[in-house]
1. For I84, list long-range residues whose amide hydrogen, built 1.01 Å from N in the peptide plane, is under 5 Å from its own amide hydrogen.
2. Can you grab the distance from the C-alpha centre of the stretch 40-71 to the C-alpha centre of the stretch 82-160, Å, no decimals?
3. Would you mind calculating the gained length between D32 and T2 on full extension (0.36 nm times residue separation, minus the Cα-Cα distance), in nm to one decimal?
4. Using each residue's phi in the stretch 194-201, evaluate 6.51 cos²θ - 1.76 cosθ + 1.60 at θ = phi - 60° and report the 3J(HN,Hα) Karplus result to the nearest Hz, with x for Gly and Pro.
5. Give the calculated FRET efficiency between E201 and E180 to the nearest 0.05, with a Förster radius of 22 Å applied to their Cβ-Cβ distance.
6. So, by mean Cβ neighbours within 10 angstrom, what's the order for 122-132, 41-51, 151-161, 104-114 with the highest one leading?
7. Pull up the cross-link candidates among the aspartates and glutamates for K182, meaning alpha carbon to alpha carbon under 19 Å and not fewer than 8 places away within one chain.
8. When the helices in the chain are scored as -39500 (n - 2.57) per DSSP H run of 4 or longer and the sum is shared across all residues, what 222 nm value do you end up with, to the nearest 500 deg cm²/dmol?
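Any read-out appearing in this document is the output of simple, stated calculations on the displayed coordinates, not a laboratory observation. What you are looking at is a predicted structure, and each value in this text was computed from that prediction instead of being measured. Neighbour counts are summed over all protein chains in view; Cβ atoms, including those assigned to glycine, are modelled from backbone coordinates with ideal geometry.
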Amino acid sequence: MTLRVDRVVTSGTFSLDGGTWDVDNNIWLIGDDNEVVIVDAAHTARPIIDAVGGRKVIGIVCTHGHNDHVTVAPELAEKLDAPIYLNPADDVLWEMTHPGVKHLSLEDDQRIAVAGTDILAIHTPGHSPGSTCLYLPEAGELFSGDTLFSGGPGATGRSYSDFPTIIGSIRDKLFALPAETKVHTGHGDGTTIGTEAPHLEEWIRAGS
């Protein structure tokens, strides 16, 4: 079967530190006609379930623990009979949304097999302690969550975020990938590693 990537966009809210903001989230489905991995579980389950379309779900992989990326993870896990993966460094955030709900640990360098290829987990802390990007080496595609966007790094102005840490993650781990790598982001439009890498120093100046 041919590997394909599908996008679902859902709308809702992100809440942290006493504030709430309206957001649109990208949910990514990586797989073929038979099986799929869901990347993030934002806001509403039905559009995601519809996009799965009866395929076997290998896992629901959360790029980080902010509520807008894990909203319906337990509902999807139950309805699709699939495990949830999240880096344990984000358990403090997960517990804010789903207290007492268990998930499997997503570790740095862990591989998840789907549709004849491997998804490689790359721990990229900064936006949150457990933020993790997902890389398909054979396809040359990266799912960056809220670590890297078209135009800059993810936000670091709220609790459990740190600007120097996210810059280090992007510089040392993401910008080490091939320039032609396509980047599928957690919100908004995508980009490539080669498009963003030349701007690292200006991001550092702006954020310091």
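1. Under 5 Å from the amide H of I84: I60, L104.
2. What the calculation gives is 13 Å, centre to centre.
3. On the way: separation 30, 0.36 × 30 = 10.80 nm, distance 0.57 nm.
Full extension from D32 to T2 adds 10.2 nm.
4. x, 6, 8, 4, x, 9, 4, 5
5. Numbers: r = 22 Å, r/R0 = 0.98.
With R0 = 22 Å, the Cβ-Cβ based efficiency is 0.55.
6. Numbers: 122-132: 25.5, 41-51: 18.7, 151-161: 16.6, 104-114: 14.9.
With the highest mean Cβ count within 10 Å placed first, the list reads 122-132, 41-51, 151-161, 104-114.
7. D6, D32, D40, D118, E138, E141, D146, D172, E196
8. Working: 7 runs with 46 residues, N = 208.
Calculated from helices alone, the mean residue ellipticity at 222 nm is -5500 deg cm²/dmol.
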